[in-house]
Amino acid sequence: MSELLRIDSLRVNYGRAEVLKGLSLELRPGRIFGLVGESGCGKTTLLRAVMGLLESGGRISGGRVLFEGRDLSTVSAEEMRRLRGSRMSLMFQNPGESFNPTRTIGRQFLETMRSHGSFSANEAMENISGMLQCLDLKEPERILKSYPYELSGGMLQRAALALAMILKPDLLLADEPTSALDAIVQAQAVKEMMKLRDEFGTAIVVISHSMGVVARMADQVGVMYAGRLVEYGDTGAVLSKPLHPYTRALMAAVPRLDGRWPSATDGAPPPPEHNVRGCGFAGRCQLCAAECLDRSQVLEPVEAGHLVACLRAGC
Amino acid sequence: MECLEVAKTFKKSGRLIKAVDNVSLSIAPGESLGLVGGSGCGKSTLARVMARLTRMDSGRVVLDGRDISRLNGGELRECYRTLQMVFQDPFASFDPRQTIGRGLLEVLSNFNVGSSGQRKDLVRQALESVGLNVEFGGRLPGDLSGGQCQRAAIARALLVRPRLLICDEATSALDAIVQAQILNLLRKLRDEMGLSVLFISHDLALVRAFCSRIAVMHDGRIVESGPAEKVIAQPEHPHTRLLLSSLITLGESV
C-alpha cells in the first residue's frame with residue numbers, strides 16, 4: 001500500500017530561525033507514528049506545517065508535504081479547507097485553540113460536521129454525544145451547552161479530541177492529546193484513538209511526552225532533537241534498544257514505578273536561531289568526539305526498521 | 001503543616017459538590033508528601049485551601065504550630081514567608097510585561113527583605129540556585145521556555161526561604177529531561193534546606209520517585225495513605241488499584 005502522508009526534507013523557518021532542518025518521514029494508512037523530543041524541538045511545528053496552519057511568520061523554506069501523493073503546496077486554499085477536518089485533522093496542544101471562546105461547544109461541533117457533510121441535527125447530535133461518552137464525558141448535553149471557559153482543562157482536552165475525531169479523518173494529528181488527563185481517563189482516550197484506527201483505518205501522528213502512551217499506541221517512533229529526527233524506527237526497537245545518546249538520555253529521565261530516580265542530563269537544546277554546524281546534541285553528549293562537531297549527522301539504517309543519526313550510535 | 005477536618009463545598013449549576021470532605025493530613029519538616037488522584041478529586045482545591053487561596057467552609061490549617069485558618073491581611077501575608085506555592089502553568093505566575101528579575105525583586109520588597117543592593121544579590125543567587133544564568137533576570141516570561149519559566153517560578157517561591165513548598169502539577173507540562181532536572185533541584189533544596197514539599201501530581205511514578213509518603217484522594221477524601229513504596233506495591237483501596245491498573249507505563253522490557 002502506498003503512503004498516505006509523505007514528508008520530504010521539510011524545512012520551516014520563523015524569520016531567521018530554522019525550526020525544522022530537513023525532516024523526512026512517511027506514514028501508511030492505519031499506522032500510528034509517535035513523535036517524541038524536548039519541548040521546542042519542532043514537533044508542533046511539523047504538525048502545523050502538514051496542516052498548512054503555521055503561525056504567523058512561519059513558512060516552509062524547503063522540502064514538500066505530500067498527502068496521498070499530492071504536493072500540498074499546490075493545493076488551493078479552498079481545497080485545503082475541505083481537506084482539513086474531513087480528511088485530516090489536528091488536535092491542538094492547547095485545547096483552547098480548537099474552540100472559539102464565544103460560542104458553545106455544541107454549536108462548534110455542529111458547524112464542523114455540517115461544513116464537511118450533510119447531517120441532520122439529530123444525527124449529528126447522536127454522533128457527538130456518543131463520541132463524548134466514549135471519552136468519559138458523562139453528561140454530553142451539559143458539555144455541549146457549555147462555553148469553552150466553563151469546562152476544566154481535562155474536559156476541554158477531551159472535547160477537542162472528540163472534535164478532531166468526529167469526522168473519522170484519514171489522518172489524525174494529535175499534539176499532546178492526553179497531557180491534562182489523569183491515568184484513568186488517559187487510558188480511555190488512548191483506547192478511543194486506537195479504536196478509530198482499528199475501525200476506520202485512520203493513520204495517526206501522536207506527540208506525547210508520556211513515553212508510556214507512545215509505547216502503547218505507536219507502530220513507529222521518531223525522536224526529534226533541535227529540528228531534526230535523530231532516531232526513527234519500530235517502536236519496540238527504538239524504546240527498548242535506543243541507540244542515539246539523546247534517546248537514551250530521554251528514556252533514563254522517565255520516572256518508573258519501581259521508584260528509581262529519574263536521571264537528568266544537564267543543559268538544554270541549542271535555540272533554533274543558532275546555526276549549529278555539527279550534531280545538535282554534541283554539547284550535552286558524553287560520547288561527543290571531534291568529528292561530531294564538524295558536520296551534522298544523517299539518519300542511517302543500523303538494522304532493518306531502525307535508523308539513527310549518530311556517529312557514535314550504540315557506543 | 002497540619003490540616004484538620006478541612007471541608008470545602010462548591011455550588012455548581014444548583015448542585016452542591018463536596019470538593020474537600022473533612023480531610024486531615026500532616027507534613028513533617030523535611031518530608032515530601034505526594035498527593036495523587038484523578039482529575040476533579042479535590043487535590044488542587046485542598047492545596048489552595050491549605051495555602052489560604054480558597055476559603056474553607058470548616059476545619060483548621062496549622063502552619064508551624066500556628067492556626068492560620070482565619071488570618072487576614074498583613075497577618076496572612078506573613079504566612080507566605082513560611083509557605084509558598086508553584087503551579088502547573090509557570091507563565092501564569094508572572095506578569096507578561098515585567099522582566100523575571102523585576103518580578104523577583106517585587107517579592108523581596110513586598111516582604112521587606114534586605115536593602116535594595118542586597119535584593120539584587122538575592123535575586124541573582126535565587127536564579128543561580130535553580131540553574132538559571134543571571135541574564136535570565138533581564139528577560140520577559142514570554143522569552144523563556146516552559147522549563148526555564150518553571151525554574152524561575154521555583155526561584156521566586158524560594159526567595160523568601162519558605163519551610164513548605166506546595167507544588168501543584170509543577171512538572172506535568174514539562175518534558176522528561178526538564179522534569180528530571182527540576183526534580184533534582186527540588187531534592188537538593190529539600191536535603192540542603194530541610195524544605196517540606198507537598199507534591200501534587202497525577203503521575204504516580206513521579207510521586208513514587210520523589211516522595212516518602214503518598215496520600216490518595218478520591219471524591220474529596222483521602223482514601224489511602226502510607227509509605228510511597230507500600231502504596232504503589234501493595235495498594236489497599238480499590239481506587240488506588242484502579243489508578244495503578246490504568247497507568248500506561250513503559251513496562252518491564254524497556
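The values are calculated or read from the model by the stated rules, or taken from the named source; none is laboratory data. Please read these numbers as outputs of a predicted model, since none were measured by experiment. Cβ placement follows ideal geometry from the backbone for every residue including glycine, while neighbour counts extend to all protein chains displayed. Please note that ligands, DNA and RNA were not included when accessible areas were found on the heavy atoms of the full protein model with its side chains. Shrake-Rupley method; radii C 1.70, N 1.55, O 1.52, S 1.80 Å.
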Computed [θ] at 222 nm, deg cm²/dmol, chain A (DSSP H ≥ 4; -39,500 (n - 2.57); rounded to nearest 500): -9500 deg cm²/dmol
Which one, A:179, A:309, A:267, is farthest towards the positive end of the dipole of region A:156-315 when Lys and Arg carry +1 and Asp and Glu -1 on their Cβ? A:267
Express the relative contact order of chain B as a whole percentage, based on alpha carbon pairs under 8 Å and six or more residues apart in sequence. 27
Rounded to a whole number, what is D in µm²/s for region B:2-245 from Stokes-Einstein with the Kirkwood radius over alpha-carbon pairs (37 °C, 0.692 mPa s)? 176
Could you check what % of the DSSP bridge pairs in chain A are antiparallel, to the nearest 5? 60
Tell me, what is the FRET efficiency for residue A:111 and residue A:241 to the nearest 0.05, using R0 = 51 angstrom and their Cβ-Cβ distance as r? 0.60
Could you let me know the centre-to-centre spacing of region B:207-221 and region B:62-87, using Cα atoms, in angstrom? 23
For an R0 of 60 angstrom, estimate the FRET efficiency from the Cβ-Cβ distance between residue A:147 and residue A:290 and round to the nearest 0.05. 0.55
What whole-number value in cubic angstrom gives the convex hull volume per residue for the C-alpha atoms of region A:1-69? 81
For region B:2-245, accessible area per residue (1.4 Å probe, heavy atoms of protein chains only), Å²: 44
Could you work out which residue, out of A:208, A:89, A:115, moves most in a Gaussian network model of chain A, that is, has the largest mean-square fluctuation with Cα springs under 10 Å? A:115
Residue by residue through region B:90-97, what is 3J(HN,Hα) from phi via Karplus (6.51 cos²θ - 1.76 cosθ + 1.60, θ = phi - 60°)? Round to whole Hz and write x for glycine and proline. x, 5, 6, 8, 10, 6, x, 9
Using the Kirkwood formula on the Cα atoms of region B:150-229, what hydrodynamic radius do you get, in angstrom to one decimal? 13.4
Just flag the trypsin sites (Lys or Arg not before Pro) in region A:220-315 sitting in loop per DSSP whose Cβ has no more than 15 other Cβ atoms within 10 Å. A:260, A:277, A:295
With the crude spin-label approximation of a point 7 Å out along Cα→Cβ, what separation in nm comes out for residue B:15 versus residue B:72? 3.4
Summed for both chains, how many Å² of accessible area, to the nearest 100, are buried between B and A with a 1.4 Å probe? 3200
Take every DSSP beta bridge whose two residues both sit in chain B, then give the antiparallel share in percent to the nearest 5. 55
Got a sec to turn the phi values of region A:152-165 into Karplus ³J(HN,Hα) couplings, 6.51 cos²θ - 1.76 cosθ + 1.60 with θ = phi - 60°, whole Hz, x for Gly and Pro? 6, x, x, 5, 5, 4, 5, 5, 5, 5, 4, 4, 6, 9
Among DSSP bridges having both ends in the protein assembly as shown, what percentage is antiparallel? Round to the nearest 5. 60
So how do B:155-165, B:169-179 stack up, highest first, on mean other-Cβ count within 10 Å? B:169-179, B:155-165
Hull volume in cubic angstrom per residue (convex hull over the Cα atoms of region B:103-206): 103
Counting only heavy atoms of the protein chains, get the accessible area per residue of chain A (1.4 Å probe) and round it to a whole Å² value. 43
Using alpha carbons only, how many angstrom separate the centre of region A:34-77 from the centre of region A:174-195? 24
Mind listing P(r) for region A:1-143? All alpha-carbon pairs, 5 Å bins, whole percents. 2, 8, 15, 18, 18, 14, 12, 8, 4, 1, 0
Quick one: net charge of residue A:242's neighbours, Cβ under 12 Å, K/R +1, D/E -1? +1
Obtain the nm distance between the two label points defined at residue B:81 and residue A:68 by a simple spin-label model: each point lies 7 Å from its Cα along the Cα-to-C-beta direction. 6.9
If you take all C-alpha pairs in the protein assembly as shown, what percent of them are over 44 Å apart? 19
Looking only at other chains, what is the average number of their beta-carbon atoms within 10 angstrom of each beta-carbon in A:234-246? 1
Across the residues of A:34-41, average count of Cβ atoms on other protein chains within 10 Å? 3
Let me have the 222 nm mean residue ellipticity of chain B computed from DSSP H runs of 4+ only, each contributing -39500 (n - 2.57), with the sum over all residues rounded to the nearest 500. -11000 deg cm²/dmol
What net charge do the residues around residue A:261 carry, taking every other residue with its C-beta under 12 Å from that of residue A:261, with Lys and Arg at +1 and Asp and Glu at -1? +3
Averaged across the residues of B:201-213, what count of C-beta atoms belonging to other chains lies within 10 Å of each residue's C-beta? 4
HN-Hα J couplings of region A:93-99 from phi, Karplus 6.51/-1.76/1.60, θ = phi - 60°, integer Hz, Gly and Pro as x? 5, 9, x, x, 6, 7, 10
Between residue A:136 and residue B:116, the FRET efficiency computed from the C-beta separation at R0 = 51 Å comes out, to the nearest 0.05, as 0.45
Please check: in the Gaussian network model of chain A (C-alpha springs, under 10 Å), which one of A:32, A:105, A:184 has the largest mean-square fluctuation. A:184
Net charge within 15 Å of residue B:66 by Cβ-Cβ distance, Lys/Arg positive one each and Asp/Glu negative one each, not counting residue B:66 itself? +1
Counting only C-alpha contacts under 8 Å and six or more residues apart, can you give the relative contact order of chain A as a whole percent? 21
Give, to the nearest whole percent, the P(r) tail of chain A beyond 27 angstrom, counting all Cα pairs. 44
